Amino acid sequence: MMKQKTYIGLLIAMLWMSVGANAQNYQVNIESTSNGQISASPSTGLSKGTTVSLKATASEGYKLTSLKVYRYSDTNRAQTRTEIPVGEELTLTKVTSNKEYTFEMPDDDVNVNATFGEDIKQEVKTEESGVAVATANVTDDIVKEAEVTQVVPDNEGVATIPESVGEYTVTSVADNAFAGKTEVTDIHLPDTEEPITLGENALKIDDNHVATIHTPLALLDDYATNKQLEQNVEAGKLVATVTPPNRFWTFSSGVDVEISSDISVYLCKKNGDDIETTMLTEEQLNVGGRRVIKANNGVLLAGTAGNAYELIARKNSGITIVDATKDAKSYGVDNALVPAIVAMHFTPSDFMMLYKGEFIGIANDDTKAPACKALLKK
């Protein structure tokens, strides 16, 4: 009986070791190429889910034009591994530049195929009625990114930087893209999750003409602290437009924000089952003669549902905020509205969020508060 148990135990151990070895022994195979090199790290002894980094180094006069990662194509070897079909191309994620990418290792070896072509400037355009309204240079062929070099304004002087030009996502604006374009009065930045990169003086016209820059609300503080937009912030010409669907909405920002006279500002606190509100006085809002909500404070705003309100970025007054998620408590420690400067998770048991004009409980841990909102601490 003892021998039988020992034999069974040995079989189990061998099977476990075999499975473990297979699960931890995948590798990255770099296919031969010319005019450049590809390196992978790590490249051997890999398990499913491991993040692998690929770095491209092009020879002089060349650039990376194609980079594809495929699951190993030996069908006999892959018969028992069907989660990722044989030969399917894996998704690449850009890291910091067009020379480094990552992918997630499947449950098999992978092949990396790269092509390097001549480094020739590639221009793409968006046209309306046969006229180019946006021109961009391709900066990355792998993840399809481009840098805007020119935007033609409409008859009212409004220039809109698009989210994409052709199949390429706009991730930057070139140096001096708007230099000397005195006919431009307003520039609209694309509604992206992250701010796009602005080259040197990218949105500057000249010293005498300052365009009003329109940004998505969630990126207002990001662009307000961008060195390339100092001139616009100084002139009060960096704005975000908000059109609230209800009378009340919560707000916070990582920079001081000037508001119009037809917006009322409230603080809130929880008192048992009741929520008490206190309106800020004009004296409390007054910063340098302007009505300003100070940086890193959660507040409740009241206006007219459906009206469009411009929020103007201003230089921060008072203490410099280092932590973008910090609650400055500029209006007193009793204010229970906590700023959500960036989109983030809050503990459902500790906070409530405003929904259709009423504070309600947070559904679950997966609920993320949008950027530039405020949540009520219970």
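The values are calculated or read from the model by the stated rules, or taken from the named source; none is laboratory data. Keep in mind that what you see is a predicted model, and the values were worked out from it rather than measured. In this analysis, Cβ positions are derived from the backbone assuming ideal geometry, glycine residues included, and neighbour counts consider all displayed protein chains.
Assorted remarks:
- Residues located in the range 322-376, provided they are crowded, with 19+ Cβ neighbours inside 10 Å, within 22 Å of ALA240 (Cα to Cα) and among the β-branched types (Val, Ile, Thr): VAL338, ILE341
One line per residue, one yes/no per condition, for (1) within 25 Å of the chain's Cα centre (by Cα); (2) under 17 Å from VAL95 (Cβ atoms); (3) assigned to a strand (DSSP E or B); (4) free of Cβ contacts under 8 Å to residues at least 40 places away in the same chain:
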site	(1), (2), (3), (4)
ASN29	no, no, yes, no
THR33	no, no, no, no
SER39	no, yes, yes, yes
SER43	no, yes, no, yes
GLY49	yes, no, no, no
LEU54	yes, yes, yes, no
GLU60	no, no, no, yes
LEU67	yes, yes, yes, no
TYR70	no, no, yes, no
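- Each residue in the range 181-202 was checked for being part of a loop (DSSP other than H, G, I, E, B) and farther than 16 Å from LEU217 by Cα, and 9 pass.
- THR82 vs. criteria exposed (fewer than 15 other Cβ atoms within 10 Å of the Cβ), on the phi < 0 side of the Ramachandran plot and either acidic (Asp, Glu) or at pLDDT below 90 (or both): yes
- Filtered residues of the range 227-248 (kept if crowded, with 18+ Cβ neighbours inside 10 Å and more than 25 Å from the chain's Cα centre (by Cα)): PHE248
- Residue-level analysis places SER53 among those that are at pLDDT 90 or above and small (Gly, Ala, Ser).
- Restricting ALA295, ALA371, ALA328 to those that are of a type in the set (Gly, Ala, Ser), in contact with a Gly (Cβ under 7 Å, 6 or more places away or on another chain) and modelled with pLDDT under 95 reduces the list to ALA295.
- Being of a type outside the set (A, V, I, L, M), in contact (Cβ under 8 Å) with a residue 24 or more places away in the chain and in a loop (DSSP other than H, G, I, E, B) is true of ASP206.
- Qualifying residue in the range 148-165 (condition: surrounded by 19 or more Cβ atoms within 10 Å (Cβ to Cβ) and in a loop (DSSP other than H, G, I, E, B)): yes
- Residues considered: LYS99, LYS63, LYS94. Of these, the only one that is at pLDDT 90 or above, surrounded by 11 or more Cβ atoms within 10 Å (Cβ to Cβ) and basic (Lys, Arg) is LYS63.
- On inspection, GLU89 qualifies as within 30 Å of ARG71 (Cβ to Cβ) and modelled with pLDDT under 95.
- Which listed residue, of ASN201, ASN176, is in contact with a Lys or Arg (Cβ under 8 Å, 6 or more places away or on another chain) and farther than 30 Å from TYR70 by Cβ: ASN176
- Within the range 249-272, if we keep just the residues that are free of Cβ contacts under 8 Å to residues at least 40 places away in the same chain and over 20 Å from THR304 (Cβ atoms), the residue that is surrounded by the fewest Cβ atoms within 10 Å (Cβ to Cβ) turns out to be GLY272.
- Test: ASN111 is surrounded by 15 or more Cβ atoms within 10 Å (Cβ to Cβ), modelled with pLDDT under 85 and among the polar types (S, T, N, Q): no
- Selection status of ALA132, under 30 Å from ASN176 (Cα atoms), modelled with pLDDT under 90 and not in a loop (DSSP other than H, G, I, E, B): yes
- When the strands (runs of 3 or more DSSP E) confined to the range 262-378 are screened for residues that are more than 30 Å from VAL233 (Cα to Cα), those reaching at least 1 such residues are found at 264-271, 274-279, 351-355, 358-361, 373-377.
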